[in-house]
Amino acid sequence: MKLLAWKEWGIMPRVILIAVLPVTLLFFSMVLYSYYSRSAEAREEVDERSRLVASLLAQDSEYGIVSGNLSYLRATVTWLLQTDDNIESVAILDRDRHSLLNVVRTPPTGGETRAFESPVMRALIGVSGASEVFLIGVVSAARSPSPSIASRMNQPMNPWRLCRISCRGP
């Protein structure tokens, strides 16, 4: 109850409270801002890489979809799953969104999984030089964040490191 009796405090405790309270609030707001900005940055990195994988796979899948060569598509997707541990599944669909190929990693790596789609486009160039572009399929790739990115998404910046950086630089 003594804490609530503001009028009974001396000048020294009042000055200390007035000086320390804003600094403490500023410190905790900086820590919260750091946490949220780092997790947003990590999510953007995962999303950017996922879009890139889906678009590259869509470009590479054009031949397999047009020719109906599912063994080529399966070999490409299997190679991709072996080289990138963060890809959970890949689905290749035709233009009517019927499944041509669906490969799922076993066992799944777990964690937050996000799927990205990219259209597979085919360009036909006519004799007159005019080209016609049309949709021949869709590639969907589901990814989970890598362990290093996942740890950055879930861990706030060390508050003492933040103090050191703000006091004397990195």
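The values are calculated or read from the model by the stated rules, or taken from the named source; none is laboratory data. Nothing here was measured: the structure is a model prediction, and the numbers come from that model. FYI the Cβ positions are ideal-geometry reconstructions off the backbone, even for glycines, and counts take in every protein chain you see. Heads up: the accessible areas ignore ligands, DNA and RNA and are worked out on the full protein's heavy atoms, side chains in. Shrake-Rupley method; radii C 1.70, N 1.55, O 1.52, S 1.80 Å.
I'd like to check one number: the per residue accessible area of the stretch 27-100, probe 1.4 Å, reported in Å² as a whole number. Mind showing how you got there, number by number?
Numbers: 4490 Å² over 74 residues.
The answer is 61 Å² per residue.
Treat each spin label as a single point 7 Å out from the Cα along the C-beta direction, and report the Glu44 to Leu32 distance in nm. Taking the two extended label points, one gets 2.1 nm. On the beta carbon distance between Ile125 and Leu52, with R0 = 30 Å, the FRET formula returns roughly 0.65. Here the Karplus relation 6.51 cos²θ - 1.76 cosθ + 1.60, evaluated at θ = phi - 60°, turns the backbone of the stretch 38-46 into coupling constants of 5, 5, 5, 5, 5, 5, 4, 5, 5 Hz, with x for every Gly and Pro.
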